[in-house]
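Below is one structure, written out as structure tokens, with a few remarks after it.
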Amino acid sequence: MLLTLIVFLVILSILVLIHEAGHFFTAKKFGIKVEEFGFGFPPRALGIKRGETVYSINWLPIGGFVKLYGEDEAGGGKLALSNKQNAISNKDEGRAFYARSVRQRAIVVVAGVVMNVILAIAIFYTFLFISNFKTDFPLLTNHAFFGVHQINKNLNETDAVVSAVLPGSPAEKAGMTTPFEILSVNGQKITDRKNFIEFVNTHKGKEITIEWRDIKTEKTAVATVVPRVSPPKNEGALGVGFFPVAIVSYDTPVQRAFSGVIHTANVTVYTLDVFAKLFAASVEQKSAAPVSEGVSGPVGIFSLIDAVLKLPGLKEKVLNVLNIAGLLSISLAFFNVLPIPAVDGGRLFFILAEGITGKKINPQIESTIHTIGMAVLMALIALITFRDIARLFTS
């Protein structure tokens, strides 16, 4: 549990600090005064002032922020404007965020999103290099990944392809790593999943020899296992799970040179495709359940990392942690670019509206909208966290 906590905090810290660093360095580049660079949300636990900026660690470690001089007056989330703007000296007024051009403010706001995309690309380059530029996706939709060679796209529920091996199961002890295709059992060729399951169920408690092919490496292997007579609930005699998978392979030098970028795009488009179908299912069923099942908060992410760290083999652990970190970085970028009050996309919306109309939005109105948006977001985070905690006791 301690290792899980350390990995969780390291991933979260890197994602947040990289995001906020985008705001910080672009603001510094334009000469905008940065009042505070904070990790987590207040109340403040620790603060150190260096130059004109306070670097703080706050008690709620679920995000971060960069507080720019004069940002409140441009819609920084306060219900009432302070008198600070009236007290700004002639020397400092030009360094206030609200006093800068639409272009500069837009760049500062969007810089965090750009940094998270760049981070995701770097993570996926590392991920693909370690995995020999091959990876797998569960085929939750009939999705075609672009720009790369896609293997086994047309797998269906009849194929004997294993996509999950449970910890402590006979399959794990035999050294089976997903995804792999069952070729034969006791020398008998396996043609489909049903055929394999029937064979295993009729040989519970008996020694059987399984030959399989690793779909990523194309290597075959053989192992002797004994299917359990009384396996744990929902685990099966061998402890394996079947699900259609697509193996995405970056083969050519050009594909590999751009693999981090292509893979980031593939993951993003695929995730949106899946989420769109979940949303459609929610509308059709008139229930939020399908969408809510695809959303997790800090507790859910912590639980997922804990499960990953229990996987066999250091390489599998590293690959899955990198994959989670890349997915989270993309998710953070996508969420922040949406025109939602209190996040970067909401602020960008008001800045672009000013650029189009040529008129500044009433700061009081913008500030009120951001404050309400922040309250709603915090309430959603609390709701998702409560549900994730409940899952720990029911699943």
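Every number in this text was worked out from the coordinates using simple rules, so none of it is lab data. Here the structure is a predicted model, which means the values were calculated and not measured. So basically every Cβ, Gly included, is an ideal-geometry build from the backbone, and we count neighbours across all protein chains shown.
Rounded to two decimal places and with Rh computed the Kirkwood way over Cα pairs, what is Rg over Rh for region 7-52?
Using only Cα positions, Rg/Rh for region 7-52 is 1.00.
If I model a spin label at Thr220 and Thr357 as a point 7 Å from the Cα along the Cα→Cβ vector, what separation in nanometres do I get?
7.0 nm
So which GluC sites (Glu not before Pro) in region 1-76 pass both tests, a DSSP loop state and at most 14 other Cβ atoms within 10 Å of the Cβ?
Here the sparse-neighbourhood loop sites are Glu52.
On a 0 to 90 degree scale, rounded to 10, what angle separates helix 102-130 from the longest Cα axis of the chain?
The helix 102-130 is inclined about 20 degrees to the chain.
Which entry in [x] -0.54, -0.78, -1.01, -1.09; [y] -0.29, -0.61, -1.09, -1.29; [z] -0.43, -0.79, -1.17, -1.30 is this structure's computed log10 I(q)/I(0) by the Debye sum over Cα atoms at q = 0.07, 0.10, 0.13, 0.14 Å⁻¹?
[z]
Counting each DSSP H run of 4 or more residues in the chain as -39500 (n - 2.57), what helix-only mean residue ellipticity at 222 nm follows after dividing by all residues, to the nearest 500 deg cm²/dmol?
-16500 deg cm²/dmol
Once you sort the root eigenvalues of the Cα gyration tensor of region 156-243 as a ≥ b ≥ c, which label holds: rounded (a/c under 1.5), prolate (a/b larger than b/c) or oblate (the other case)?
Because its axes are fairly even, with a/c under 1.5, region 156-243 counts as rounded.
Kindly put Trp59, Trp212 in sequence by how many other C-beta atoms sit within 10 Å of each C-beta, fewest to most.
Trp59, Trp212
Please list, ordered by chain and number, the residues whose modelled amide H lies under 5 Å from the amide H of Val54; skip anything fewer than 5 residues away on the same chain.
Distant-sequence amide H within range of Val54: Glu36, Phe37.
Using the number of other C-beta atoms within 10 angstrom as an exposure proxy, rank Asp159, Asp214 with the fewest first.
With the fewest neighbours first, Asp159, Asp214 line up as Asp214, Asp159.
Subtracting the Cα-Cα distance from 0.36 nm times the residue separation, let me have the gained length for Phe146 to Arg256 in nm, one decimal.
This chain segment gains 38.2 nm when fully extended.
Counting other beta carbons within 10 Å of each Cβ, put Leu2, Leu380 in order, fewest first.
Leu2, Leu380
Any idea what angle helix 363-394 forms with the longest principal axis of the chain, computed on alpha-carbon atoms, 0 to 90 degrees, nearest 10?
Between helix and principal axis, roughly 20 degrees.
Straight-line reach from Lys216: which aspartates and glutamates fall under 20 Å, measuring Cα to Cα and dropping same-chain residues less than 8 apart?
Asp136, Glu157, Asp159, Glu172, Glu181, Asp192, Asp251, Glu316
What's the FRET efficiency of Ala122 with Ile365 using the Cβ-Cβ distance as r and R₀ = 35 Å, to the nearest 0.05?
0.35
Calculate the length of the line joining the C-alpha centroid of region 95-154 to that of region 18-35, in whole Å.
Going from one Cα centre to the other spans 22 Å.
How far apart, in nm, are the 7 Å Cα→Cβ label points at Ser13 and Phe393?
The modelled label-to-label distance comes out at 3.1 nm.
If you find the alpha carbon centre of region 178-227 and of region 45-67, how far apart are they in angstrom?
Here the two parts' Cα centres lie 55 Å apart.
Can you compute the modelled spin-label distance between Val114 and Leu2, with each label point 7 Å from Cα toward Cβ, in nm?
4.2 nm
Which of Lys189/Lys317; Lys134/Lys173; Lys173/Lys219; Lys204/Lys310 have a Cα-Cα distance over 28 Å?
From the list (Lys189/Lys317; Lys134/Lys173; Lys173/Lys219; Lys204/Lys310), the Cα-Cα distance tops 28 Å for Lys189/Lys317.
Based on the Cβ-Cβ distance from Val269 to Lys204, what FRET efficiency comes out when R0 is 51 Å, to the nearest 0.05?
0.75
Under a Cβ-Cβ cut-off of 14 Å, what is the net charge of the residues other than Pro170 that fall near it, where Lys and Arg count +1 and Asp and Glu count -1?
+1
By how many degrees, 0 to 90 and rounded to 10, does the Cα axis of helix 314-337 deviate from the longest principal axis of the chain?
40 degrees
What residue among Val254, Val165, Val102 shows peak mean-square fluctuation when the chain is described by a Gaussian network model with Cα springs under 10 Å?
Of Val254, Val165, Val102, the Gaussian network model singles out Val254 as fluctuating most.
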